[in-house]
Amino acid sequence: MRKTATVTRSAIRLVNGLVNLFVLMMILLLLTFSCYAIWDSGQIYNAARASNYNVYRPTVENQNESFEELKRINPDVFSWLTVYGTNIDYPVVQGKDNFTYVNTDVKGNHSLSGAIFLDYRCSPNFVDFVNILYGHHMENQVMFGEITNFSDKTYFDERRYGSLFIDGKELGLEFFTFVQADAYDFDVFRVSITQPEEQQAYLKMLLEMAIHSRLDVPVTINDQILLLSTCSPDATNGRDILIGKITDTVAPNPFEKEEVERPETLPMIDELSTFWMQASLWVKASIVIVPFLLILLMIVLILKRRQRRL
């Protein structure tokens with residue numbers, strides 16, 4: 001009887017130990033992957049910051065040397081977009097289709113944040129009547145995440161201008177309406193409209209769809225229209241679209257501030273972010289799993305030592 005009781009107690013202790021070990025493993029696993037998800041999301045947002053590209057930002061004064069360097073890295077880079085009063089201050093690319101830069105950054109590297117890109121059907125010099133730029137809707141005020149803010153009338157009223165840089169020249173942008181549409185509304189996402197009657201009908205349609213408009217901004221069929229399109233968080237296939245016209249006059253930026261000097265530690269952080277974004281899945285998995293296995297090994301050794309004492 002005593003032997004049987006001893007065996008039973010040993011079995012119960014073993015089962016309890018295994019259950020405790022399993023529970024600890026699950027907790028550690030969930031904790032590890034939660035930390036990984038937070039870290040990985042942070043790296044995606046950091047990689048998409050407009051400030052990462054400040055060094056390449058073109059101006060007429062510096063003869064575009066830095067911008068030309070970026071174009072040598074990726075020949076698909078051809079322009080620069082700035083929307084005053086926002087963090088939208090990015091280089092613009094154009095791919096062979098509208099899928100290339102959905103998950104590719106302006107340097108040609110894989111990136112979930114993608115890039116700001118011109119519809120492949122449009123001329124890469126913004127001379128078409130309708131020109132469409134696409135960008136991901138992202139939190140933390142990166143990429144086209146702030147386009148949705150223009151649905152607020154005060155926000156729309158305070159942010160009227162922007163600029164485009166192309167072929168060594170800076171052009172102005174004057175935003176005259178904000179609309180919401182379906183991603184498959186081909187009447188809105190239509191390019192190559194050349195007939196005056198169709199152009200007039202297109203402008204009328206945009207103004208009829210408008211959430212907000214500036215009636216004091218004259219827009220005619222002789223203008224070049226620019227659509228900034230991003231996903232809407234309020235609808236599955238919804239699109240938020242800020243629309244402006246391209247002008248020869250560049251308005252001053254009332255939101256312009258002196259650039260804040262970056263701390264010396266930031267380049268190291270940027271290098272780590274770049275390494276993480278470019279690392280393969282196996283490297284990321286190893287970085288996450290190895291510490292977990294080490295902790296698990298320590299737990300097993302501790303449990304074995306406790307069982308010997310018992």
Item to complete: Check residue 193 against each of (1) in contact with a strand residue (DSSP E or B) (Cβ under 8 Å, 6 or more places away or on another chain); (2) assigned to a loop (DSSP other than H, G, I, E, B); (3) over 23 Å from residue 92 (Cβ atoms) and name the one condition it does not meet.
Response: (3)
Item to complete: Could you run through the range 222-254 and say how many residues are modelled with pLDDT of 90 or more and surrounded by fewer than 16 Cβ atoms within 10 Å (Cβ to Cβ)?
Response: 8
Worksheet item: Hey, any hits in the range 210-232 for a residue that's in the same structural domain as residue 142 (by TED's automatic domain parsing), under 23 Å from residue 127 (Cα atoms), in a helix (DSSP H, G or I) and not polar (S, T, N, Q)?
Response: no
Fill in: Some residue of the range 133-141 being of a type in the set (Ser, Thr, Tyr) and at pLDDT 95 or above
yes
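Conditions (1) in contact with a Cys (Cβ under 8 Å, 6 or more places away or on another chain); (2) within 30 Å of residue 235 (Cβ to Cβ), marked per residue:
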residue	(1), (2)
77	no, no
87	no, yes
90	no, yes
105	no, yes
118	no, yes
130	yes, yes
137	yes, yes
142	no, yes
168	no, no
Worksheet item: Only one of (1) buried (at least 21 other Cβ atoms within 10 Å of the Cβ); (2) closer than 20 Å to residue 222 by Cα; (3) at pLDDT below 95 is not met by residue 145, so which one is it?
Response: (2)
Worksheet item: Among the residues of the range 234-249, is any over 20 Å from residue 116 (Cα atoms) and touching a Gly at 6+ places or on another chain (Cβ under 6 Å)?
Response: yes
Item to complete: Find all pairs meeting these conditions: Cβ atoms under 7 angstrom apart; at least six residues apart or on different chains; first residue within the range 214-239 and free of Cβ contacts under 8 Å to residues at least 40 places away in the same chain; second residue hydroxyl-bearing (Ser, Thr, Tyr).
Response: none
Practice prompt. Output the residues belonging to the range 151-197 that are surrounded by fewer than 19 Cβ atoms within 10 Å (Cβ to Cβ) and under 16 Å from residue 227 (Cβ atoms).
Written response: 151, 180, 182, 183, 184, 185, 186, 187, 190, 191, 192, 193
Practice prompt. Considering (1) buried (at least 23 other Cβ atoms within 10 Å of the Cβ); (2) out of contact with any strand residue (DSSP E or B) (no Cβ under 6 Å at 6 or more places or on another chain), say which one residue 120 fails and leave the rest.
Written response: (1)
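The values are calculated or read from the model by the stated rules, or taken from the named source; none is laboratory data. Computed from a prediction, not measured in an experiment: that's the story for all the values here. Positions of Cβ are generated from backbone atoms using ideal geometry, with glycine treated the same way; all protein chains shown enter the neighbour counts.
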